[in-house]
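> Below you'll find the structure I mean.
The values are calculated or read from the model by the stated rules, or taken from the named source; none is laboratory data. All values reported here derive from a predicted model rather than from experimental measurement. In this analysis, Cβ positions are derived from the backbone assuming ideal geometry, glycine residues included, and neighbour counts consider all displayed protein chains. Remember, those area values only see protein heavy atoms, side chains included, never the ligands or the DNA or RNA. Shrake-Rupley method; radii C 1.70, N 1.55, O 1.52, S 1.80 Å.
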Amino acid sequence: MSGKAIFPDSGGPVSGGSRARTLRQDEEELTQTLFSLFEKHLIGTRANSAKTVTVAMGAIRGFAKYVGVPPWEWNEQDFSEFMANKVTVDGIGLGRQSTYITYLRAFQNYLLDSRGLSNEIHRRFDVQPQRFINNENAIPVRRKRHERKKQITPLSGEQCNGLIVQFDHEINLSGQAGKKSFNPMRRDKAIVMIMLLTGIRVDELVKLRINDFMPDARHPNFGNFSTVRILCGKGRKSRVVRFYNPIIKDLMNWYLDDVRPGFLRENTSDPQRLFLSERGTPLCTEQVRRMLAHIASQAAIPFKVTPHLLRHTYGTQMAKIIGAEALQRQLGHENLTTTLGTYYHQDPEHVGNEIELGITNFTKGMDAMTQGLLDEIED
């Protein structure tokens, strides 16, 4: 039976790989079925956005068009040829290269992990899908990308202290002058402390609810706030984050009793939401970003401070205290390499003393926060 192009409506040449051929009808039909199933997997199982799904399927279909053989025949040579062609002919940069690797690897893993699909392919074509992207042929792009990444410098203990001192200064000035910013500044102080105590993402923070916090009978000194369940993390996966400093008890009791009631309104749609705007509506991430940039600037920190930088600060210090695997669970990373490679910033001049340094810096920052909070409570 004569075949037809795998993507006859996409325009341009059918393929360009050295093994390219015209697919038989049964091969193309199963290929399209696999793509359809993977697209549903991205939407239903992985909860990716429509934009992400479009990019992912575009990368996969583009690779399939170039290679010109069905997915169960894809191999490492096909991948190497494709990437070389995209770089030399199309001139794609590292970002696009990484996009292809990310989504082609995801499709590869989906195919290899789906025993039913693998068995069906073997039954119909007497072939088993194989791995065409591995750690070796993906390393060059990953290495170049990391070399070009902007170096992230976490906050030191003194800089964490500086943020809290600046908050206390502005809170005192606002209170004495009777300004409307008094309560919002107290809320924002609690926000920054929560971020430093948990390493939480900013989009997770704004969705926190009071009933996400839970006690642990084994740790009564944390009160009702030993752990917090993060329900809206990256990829919509839930995780439980454990607090490691009992200051969270005083912080939360102070915030819930003295600060948060000032933000509740009759029209508040979710009275369980932890952080609210002055109008009683859910806080948005941009408000947090602007607030943090302002307070850091006032505290004379010589670089831009973002919520993600606070996450790096938490990760860097806590990795040295609780270990990499525990930190991986706290931060909600799928892969340990992400935790170690991205969020654990070692100082090469102090490798031998890294544990002592981490405990010292983190303790200084937390002690400073504790003192600032308790001073305000006592006042």
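> Taking the range 13-47 on its own, how many of its residues are surrounded by fewer than 14 Cβ atoms within 10 Å (Cβ to Cβ), farther than 28 Å from Asp90 by Cα and over 26 Å from the mean Cα position of the chain (by Cα)?
So the answer is 4.
> Please work out which residue is modelled with the highest pLDDT, limiting yourself to the range 6-49 and to residues that are in a loop (DSSP other than H, G, I, E, B) and touching a strand residue (DSSP E or B) at 6+ places or on another chain (Cβ under 8 Å).
By that ranking, first place goes to Thr22.
> Select from the range 183-212 the residues that are open to solvent by 20 Å² or more (accessible area, probe 1.4 Å) and either of a type in the set (S, T, N, Q) or assigned to a strand (DSSP E or B) (or both) and list them in ascending order.
Asn183, Arg209, Asn211, listed by residue number.
> Need the failing condition index for Lys180 against (1) touching a residue at least 40 places away in the same chain (Cβ under 8 Å); (2) open to solvent by 40 Å² or more (accessible area, probe 1.4 Å); (3) in contact with a helix residue (DSSP H, G or I) (Cβ under 7 Å, 6 or more places away or on another chain), just the number.
(3)
Every residue, every condition in (1) more than 18 Å from Asp168 (Cβ to Cβ); (2) touching a Ser or Thr at 6+ places or on another chain (Cβ under 7 Å); (3) in contact (Cβ under 8 Å) with a residue 40 or more places away in the chain, yes or no:
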residue: Leu197; (1), (2), (3): no, no, yes
residue: Arg209; (1), (2), (3): yes, no, yes
residue: Arg218; (1), (2), (3): yes, no, no
residue: Asn221; (1), (2), (3): yes, no, no
residue: Phe225; (1), (2), (3): yes, no, no
residue: Val241; (1), (2), (3): yes, yes, yes
residue: Ile247; (1), (2), (3): no, yes, yes
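> Here is a further query. If Val240 satisfies all but one of (1) under 23 Å from the mean Cα position of the chain (by Cα); (2) at pLDDT 90 or above; (3) more than 17 Å from Ile191 (Cα to Cα); (4) aliphatic (A, V, I, L, M), what's the number of the condition it fails?
The single condition Val240 does not satisfy is (2).
> In the range 252-363, which helices (runs of 4 or more DSSP H) lie fully inside it and hold 2 or more residues that are in contact with a helix residue (DSSP H, G or I) (Cβ under 9 Å, 6 or more places away or on another chain) and at pLDDT below 65?
336-342
> A further question follows. May I ask you to verify whether Met83 is part of a helix (DSSP H, G or I), free of Cβ contacts under 8 Å to residues at least 60 places away in the same chain and crowded, with 19+ Cβ neighbours inside 10 Å?
So Met83 fits the description; yes.
> Would you point out the residue of the range 48-71, among those that are of a type in the set (Lys, Arg) and surrounded by 14 or more Cβ atoms within 10 Å (Cβ to Cβ), that is farthest from Arg105 (Cα to Cα)?
The selected residue is Lys65.
> Does Gln108 meet the test of being within 18 Å of Pro129 (Cβ to Cβ) and modelled with pLDDT under 90?
no
> Taking the residues in the range 225-284 that are hydroxyl-bearing (Ser, Thr, Tyr) and open to solvent by less than 60 Å² (accessible area, probe 1.4 Å) as candidates, determine which candidate is nearest to Ser181 (Cα to Cα).
Ser277
> Follow-up question, since we're still on this one. Filtering the range 46-79 down to residues that are without any contact (Cβ under 8 Å) to a residue 60 or more places away in the chain and of a type in the set (D, E, K, R), which residue is nearest to Phe125 (Cα to Cα)?
Looking at residues that are without any contact (Cβ under 8 Å) to a residue 60 or more places away in the chain and of a type in the set (D, E, K, R), I get Glu73.
> Give the residue that is farthest from Val305 (Cα to Cα), with candidates limited to residues of the range 151-176 that are of a type in the set (Val, Ile, Thr) and assigned to a helix (DSSP H, G or I).
Ile171
> Sticking with this structure for a sec: I'd like the residue in the range 161-212 that is farther than 13 Å from Phe275 by Cα and of a type in the set (S, T, N, Q) and, out of all such residues, is farthest from the chain's Cα centre (by Cα).
Checked the range 161-212; the qualifying residue farthest from the chain's Cα centre (by Cα) is Gln176.
> Sticking with this one: If I go through the range 285-305 residue by residue, how many of them are touching a residue at least 12 places away in the same chain (Cβ under 8 Å), within 22 Å of the chain's Cα centre (by Cα) and open to solvent by 80 Å² or more (accessible area, probe 1.4 Å)?
The total comes to 1.
> Next question. Select from the range 106-119 the residues that are in a helix (DSSP H, G or I) and either open to solvent by less than 30 Å² (accessible area, probe 1.4 Å) or in contact (Cβ under 8 Å) with a residue 40 or more places away in the chain (or both) and list them in ascending order.
Ala106, Phe107, Gln108, Tyr110, Leu111, Leu117, Ser118
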